[in-house]
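Have a look at the structure below, then the notes.
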Amino acid sequence: MAEVRFSTSNDSKSEGKKYGKFVIIAIIIFLLIVVLFNSFSIVNEGYIGVKYRFGAITRADMTAGLNMHIPFIEEIVQVDTREQVYAVTTDAYTSDTQSVQSLQLKLNYCYDGTKLSNIIRNIGIANVETKLLVPNVQKVAKDSIGKVKAEQLVQSRADVTAEIQNSLTEILSEYGVVVTAFAIENLNFDTAFEESIQAKVIAEQDALKMEYKTKAIAEEGKQTVIAAQAEADSKKIAAEAEAEAIRLIQEQLANSPNYTEYLKVERWNGVLPQVVSDGVNPFVALGSSSGTASGGTAARNTAPSAVPEAAE
């Protein structure tokens with residue numbers, strides 16, 4: 001027959017102790033894993049880690065990456081420090097009581113890391129927009145627009161925008177909010193005012209055109225006067241030169257009587273005159289220089305002596 005053995009109480013106790021040890025070890029390992037995983041937190045790029053210990057801020061400058069804290073006692077919360085945009089649409093009035101309708105304002109901002117704990121304690125990250133941006137942006141924008149006329153606002157929008165941005169920068173920097181940009185993206189006036197502005201612009205453009213035309217006509221007149229003066233000066237110079245030439249010729253004639261005879265010889269073309277006279281006996285040439293004179297006598301003449309002398 002087969003032998004049957006029954007376990008004693010001592011065997012059961014030993015097995016129970018072994019099982020209990022395994023359970024305890026597993027619990028300890030699990031707790032260690034939980035503690036280990038809860039001892040580190042990851043802060044993403046563009047965020048700053050804020051460490052709390054039992055609800056109190058101990059650090060507000062934890063950079064991106066893996067950061068250590070005491071598990072179950074400390075906690076790290078990420079705060080977005082990237083540039084954010086706050087946009088609002090409102091109405092405003094200029095100094096000449098012109099209504100600016102559907103005025104679109106946009107504010108770009110971020111948080112000052114050195115003052116982040118003050119923002120969290122005094123305002124709260126979730127309350128920055130409602131407690132700081134909503135009242136200040138509209139108030140500053142309306143005050144600045146209310147100081148200028150509507151036409152000036154249209155022509156100098158950049159100056160008004162810069163003034164609003166500077167005012168907001170000064171106000172919000174005290175709370176740890178950094179203003180990076182501000183813009184007025186829309187200006188809607190009454191239809192009648194916009195038409196008057198358009199008509200004024202057209203009139204100014206027409207006036208500029210007339211001014212340019214007047215200047216062009218004046219310049220053309222100046223050029224005409226200059227050309228006429230130049231022509232007159234040229235004629236004067238030519239007349240003076242001609243008068244000087246005549247004077248020199250007269251002086252030469254007065255000083256050299258034979259100069260006239262020289263000019264006669266220089267200018268004679270070799271053709272005998274039709275009538276030659278010495279003052280007593282005139283000769284009439286009937287043909288060429290080789291023909292005969294009246295009465296059958298050939299007309300004999302030499303070129304220099306045949307030319308009548310100039311009257312003195």
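The values are calculated or read from the model by the stated rules, or taken from the named source; none is laboratory data. Just so it is clear, the model here is predicted, and its values are computed rather than measured. Note: ideal-geometry Cβ built from the backbone for every residue, glycine included; neighbour counts use all protein chains shown. These area figures cover heavy atoms from the full protein model, side chains too; ligands, DNA and RNA do not enter into them. Shrake-Rupley method; radii C 1.70, N 1.55, O 1.52, S 1.80 Å.
Cross-link candidates for LYS215: which lysines have Cα within less than 26 Å, leaving aside residues fewer than 8 places away along the same chain? Partners within reach: LYS200. When the trypsin sites (Lys or Arg not before Pro) in region 49-92 are filtered for DSSP coil states and for at most 16 other beta-carbon atoms within 10 Å of their beta-carbon, the remaining sites are ARG82. Over all other residues within a Cβ to Cβ distance under 14 Å of ASN67, the charged ones net out to -1, with Lys and Arg as +1 and Asp and Glu as -1.
What residue among ASN122, TYR93, VAL137 has its Cα farthest toward the positive end of the dipole of region 81-177, where the charges are +1 on Lys, Arg and -1 on Asp, Glu, each on the Cβ? Going by the Cα projections, it comes out as ASN122. With 25 Å as the limit, the listed pairs LYS51/LYS115; LYS106/LYS142; LYS106/LYS147; LYS106/LYS131; LYS106/LYS149 all fall inside it between alpha carbons.
Roughly to the nearest percent, how much of the accessible area of region 45-124 is carbon and sulfur, given a 1.4 Å probe? Ligands and nucleic acids excluded, carbon and sulfur reach 48 percent.
Average accessible surface for region 27-83: 67 Å² per residue, computed with a 1.4 Å probe over protein heavy atoms with every protein chain in place.
Starting from the Kirkwood radius over alpha-carbon pairs of region 79-171, derive D by Stokes-Einstein at 37 °C in a medium of 0.692 mPa s and give it in µm² s⁻¹. Calculated translational D: 228 µm²/s.
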